[in-house]
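**Q** Sending over a structure as structure tokens; questions will come in a sec.
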Amino acid sequence: MLAAMKIALGADGFGFVLKTQVAAWLVACGHEVMDGGIFSAAPDMKLMDYADFVAGAVAKGEADRGVLICMSGGMMQIRANRFAGVRAVMGFDADAMVHDREASDANVVCFAASYGAEAVWEDIMLAFLETEFEALDRRLARLALLERVTL
């Protein structure tokens, strides 16, 4: 049985329906959801605010993991990765997610609402929540390099 986690969610208008489904599924699985919006399918220009809510909650330790959803997932991923300690990856499939968790300690998953995520999100979420980071020395060294502010 998976331990309950606190999961921060955010989506733009394109991702509203999928975010609602993911939130209900998380609650049914016993997790706590922090919903940072959007709260309707109406389009708006606050995509960065939703990404900031989720990435900020993960970066500050207020959430164990985060989920971001927009039309392609890309802009949410780019924005989230600007936060120290956040390692946002695209949710393409469950196998890739297992690797991202084991090798990179991914803590935010981004979904592309307009490109098929509705068909695969549940398997990806299971992999995202159930897979542990494998803290091998080489992986810890890579994560330390990621946290450097300047290159």
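The values are calculated or read from the model by the stated rules, or taken from the named source; none is laboratory data. Note that the coordinates shown come from a computational prediction; the quantities given were computed from them, not determined experimentally. Cβ placement follows ideal geometry from the backbone for every residue including glycine, while neighbour counts extend to all protein chains displayed.
**Q** Go through the range 57-85 and give me each residue that's in a helix (DSSP H, G or I) and buried (at least 21 other Cβ atoms within 10 Å of the Cβ). Steps first, answer last, please.
**A** The initial filter retains those residues of the range 57-85 that are in a helix (DSSP H, G or I), namely 57-59, 74-80.
Across the range 57-85, the qualifying residues are 57, 58, 76, 77, 79, 80.
**Q** I'm trying to understand the selection: among the residues of the range 33-58, which are among the hydroxyl-bearing types (Ser, Thr, Tyr) and more than 14 Å from residue 111 (Cα to Cα)? Spell out the reasoning first.
**A** Narrowing the range 33-58 to residues among the hydroxyl-bearing types (Ser, Thr, Tyr): 40, 50.
40, the sole residue that qualifies.
**Q** A further question follows. Which one of 147, 134, 102 is over 20 Å from residue 59 (Cβ atoms), of a type outside the set (Lys, Arg) and at pLDDT below 90? Walk me through how you get there before you give the answer.
**A** Working: 147 fails: over 20 Å from residue 59 (Cβ atoms); 102 fails: at pLDDT below 90.
When all the criteria are applied, what remains is 134.
**Q** Is at least one residue of the range 43-56 of a type in the set (D, E, K, R) and in a loop (DSSP other than H, G, I, E, B)? Outline the logic, then answer.
**A** Going residue by residue through the range 43-56, those that are of a type in the set (D, E, K, R) are 44, 46, 49, 52.
Now narrow it down to the ones that are in a loop (DSSP other than H, G, I, E, B): 44, 46.
So far as the range 43-56 goes, yes, one or more of its residues are of a type in the set (D, E, K, R) and in a loop (DSSP other than H, G, I, E, B).
**Q** Follow-up question, since we're still on this one. Looking at the range 106-122, is at least one residue of a type in the set (D, E, K, R), farther than 29 Å from residue 46 by Cβ and exposed (fewer than 14 other Cβ atoms within 10 Å of the Cβ)? Step through it out loud before you land on a result.
**A** Looking only at the range 106-122, we keep the residues that are of a type in the set (D, E, K, R), and these are 118, 122.
The next check asks that each one be farther than 29 Å from residue 46 by Cβ; those that pass are none.
The answer is no; no qualifying residue exists.
**Q** Separate question: What residue, among those in the range 1-32 that are in contact with a Lys or Arg (Cβ under 9 Å, 6 or more places away or on another chain) and farther than 19 Å from residue 106 by Cβ, is surrounded by the fewest Cβ atoms within 10 Å (Cβ to Cβ)? Step through it out loud before you land on a result.
**A** Step one: list which residues in the range 1-32 are in contact with a Lys or Arg (Cβ under 9 Å, 6 or more places away or on another chain), which gives 5-12, 31-32.
Within this subset, residues satisfying the condition of being farther than 19 Å from residue 106 by Cβ are 12, 32.
Details: 12: 26, 32: 13.
Selected residue: 32.
**Q** Additional query: If you check 52, 44, which single one turns out to be surrounded by fewer than 16 Cβ atoms within 10 Å (Cβ to Cβ) and more than 16 Å from residue 18 (Cα to Cα)?
**A** Details: 52 fails: surrounded by fewer than 16 Cβ atoms within 10 Å (Cβ to Cβ).
Exactly one residue qualifies, and that residue is 44.
**Q** Still on this structure, I have one more. Buried (at least 21 other Cβ atoms within 10 Å of the Cβ), at pLDDT 95 or above, more than 23 Å from residue 40 (Cβ to Cβ) and among the small types (Gly, Ala, Ser): is that true of residue 88 in this structure? Step through it out loud before you land on a result.
**A** On the way: buried (at least 21 other Cβ atoms within 10 Å of the Cβ): yes; at pLDDT 95 or above: yes; more than 23 Å from residue 40 (Cβ to Cβ): yes; among the small types (Gly, Ala, Ser): yes.
Judged against the criteria, residue 88 is a match.
**Q** With 15, 10, 37, 30 as the choices, which residue is under 22 Å from residue 83 (Cα atoms) and assigned to a loop (DSSP other than H, G, I, E, B)? Spell out the reasoning first.
**A** Details: 15 fails: assigned to a loop (DSSP other than H, G, I, E, B); 10 fails: assigned to a loop (DSSP other than H, G, I, E, B); 30 fails: under 22 Å from residue 83 (Cα atoms).
Sole residue among the options that is under 22 Å from residue 83 (Cα atoms) and assigned to a loop (DSSP other than H, G, I, E, B): 37.
**Q** Report, ordered by the first and then the second residue, all pairs with beta carbons closer than 6 Å, sequence separation of six or more or different chains, a first member in the range 123-137 that is touching a residue at least 40 places away in the same chain (Cβ under 8 Å), and a second member that is among the β-branched types (Val, Ile, Thr).
**A** 128/109
**Q** Please go through the range 105-129 and pick out each residue that is of a type in the set (Ser, Thr, Tyr) and out of contact with any Phe, Trp or Tyr (no Cβ under 8 Å at 6 or more places or on another chain). Step through it out loud before you land on a result.
**A** Filtering the range 105-129 for residues of a type in the set (Ser, Thr, Tyr) gives 114-115.
Correct list: 115 only.
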